[in-house]
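The values are calculated or read from the model by the stated rules, or taken from the named source; none is laboratory data. Everything numeric here is computed off the predicted structure, so don't read it as measured data. Glycine also receives a Cβ, built like all others from the backbone with ideal geometry; neighbour counts cover every protein chain displayed. The protein model used for the area step is the full one, side chains on, heavy atoms only, and it has no ligands, DNA or RNA in it. Shrake-Rupley method; radii C 1.70, N 1.55, O 1.52, S 1.80 Å.
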Amino acid sequence: MKKSKLNYCTARDILLSEISPVGTEKIGIKNCAGRVLAKDLLAAEDVPSFARSPYDGYAFRADDSTDASAQSPVTLRVIEDVPAGAVPTMGVVPGTAIRVMTGSPIPPGADAVRQYEKTEFDARFVRLLQPAKTGENIVRVGEDVRKGTVLAEAGARIDAGIAGSLAAQGVTQPEVYRALRVGILSTGGELVDAATCPGEGCIRDTNAYTLMAVLQREGFATVHYGIIGDNTLEIRDCMEQALKECDALVMTGGVATGEQDLTAAAMGELGARILFFGVDLKPGMSCAYGIRGGKPICGLSGNPASAITNFYAIGLPALRRLSGLKACIQPEFTVTLKDPFPKKCGATRLLRGTLDL
């Protein structure tokens, strides 16, 4: 099969166009961190649902404080205490105040709150030392969130803020996309497992463990299918088993054009549709991507640098979309290299580096 010279962004978009998210499930809010929302989270109610005090202090009529000053305080009679979680049983009338706590409902008749530390008070009276404005220190109904507001869109990964928003709306069983299950397969007669001492001409398989770490960090479950030698039918059979058990397959090795590069041939034997074979990218030029039954097959080079670069650029965005994640492509921005890179390359070159902010 002849290799293509697709730009890697074009190749990535071809793959993305073939991907639809996996199914959904409901999960307890205690275990929802890192999962992807399958439905928009809409505010079902105003937050707060009642006018409340943001401070411990006194609620009163602003008009009663018009003439207050440090030299001539206005004294109001305290007629009730309202702790957080309680509801006022009385209303504020001229010349009176009600003691409130942070989160307490604003009593009827009151239109201002003054913090304890900005007053003088005893058990029966509070003295105001300066005028108050109507609405001062009152959190209005819906000030934090208005009913009907989209708090989080479908496709967002649940973080601490979204988890708190779910709880605030009483959503204890959010609908999320099912956790992705990804198979990992290494091919090549020269490979041995990491636990094995390699003989002459052999090397330990590092790609499988590198990819597992990347996928697990994304929140995906991984299934390791080990190492298969250079045999088309054995590779095909293992691929078939992996696609029965998993949502996607990531494999390394066998994507060049030599006689023992059998990944593309095995895909054909499996009945997979090959989307592209090779891209215009360094490192990461050698690859073979296919689709079977809506499940992507990411065939990467056996070279570790090539494999991981290609996967980050092309394969990982597709798996993110498969998992339901809306923001599946990493944003791009311009940086200045600390040192020049003089090596010329006709293809797009991706460099590894550290971003210092």
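At 1.4 Å probe size, with every protein chain present, just tell me what the per residue accessible area of region 247-357 comes to in Å².
Value for region 247-357: 51 Å² per residue.
For the chain, modelled as a GNM with alpha-carbon contacts under 10 angstrom, which of 185, 129, 262 fluctuates the most?
Sorting by GNM fluctuation, first place goes to 129.
For region 150-203, report the accessible area per residue in Å² (1.4 Å probe, heavy atoms, rounded to an integer). Kindly include the intermediate steps, with their values, before the conclusion.
Numbers: 2550 Å² over 54 residues.
Normalised by residue count, the accessible surface of region 150-203 is 47 Å².
In the chain, carbon and sulfur make up what percent of the accessible area (probe 1.4 Å)?
51 percent
Would you list which lysines come within 25 Å of residue 295, measuring only between C-alpha atoms, while excluding same-chain residues fewer than 8 positions from it?
2, 3, 5, 26, 39, 244, 326
I want the antiparallel fraction of DSSP beta bridges within the chain, as a percent rounded to 5.
On the way: 35 of 61 bridges.
Approximately 55 percent, going by the DSSP bridge assignments.
If you take the square roots of the eigenvalues of the alpha-carbon gyration tensor of region 214-285 and sort them as a ≥ b ≥ c, do you get rounded (a/c under 1.5), prolate (a/b over b/c) or oblate?
It comes out oblate by the Cα gyration axes.
How would you rank 102-111, 248-257, highest first, on the average number of other Cβ atoms within 10 Å across their residues?
Order by mean packing, descending: 248-257, 102-111.
Could you tell me the relative contact order of the chain? Use alpha-carbon pairs under 8 Å, at least six residues apart, and round to a whole percent.
Reported relative contact order: 21 percent.
How large is the accessible surface of residue 55 in square angstrom, using a 1.4 angstrom probe and rounding to the nearest 10?
Residue 55 exposes around 90 Å² with every protein chain in place.
According to the square roots a ≥ b ≥ c of the eigenvalues of the Cα gyration tensor, what is the shape class of the chain, taking rounded for a/c under 1.5, prolate for a/b larger than b/c otherwise, and oblate for the remainder?
Working: a/c = 3.84, a/b = 2.99, b/c = 1.29.
Prolate.
Provide the packing ranking of 117-127, 146-156, 37-47, i.e. peptides ordered by the mean count of other C-beta atoms within 10 Å per residue, highest first.
37-47, 146-156, 117-127
Could you sort the peptides 95-101, 318-324, 24-30 by per-residue average Cβ neighbour count (10 Å cutoff), highest mean leading?
On the way: 95-101: 22.4, 318-324: 24.3, 24-30: 13.1.
Going by the mean number of other Cβ atoms within 10 Å, highest first, we get 318-324, 95-101, 24-30.
Which of rounded, prolate, oblate describes region 287-355, given a ≥ b ≥ c as roots of the alpha-carbon gyration tensor eigenvalues and a/c under 1.5 marking rounded, otherwise prolate only if a/b is larger than b/c?
In terms of gyration-tensor shape, oblate.
Using alpha carbons only, how many angstrom separate the centre of region 81-113 from the centre of region 291-357?
Centre-to-centre distance over Cα atoms comes out at 59 Å.
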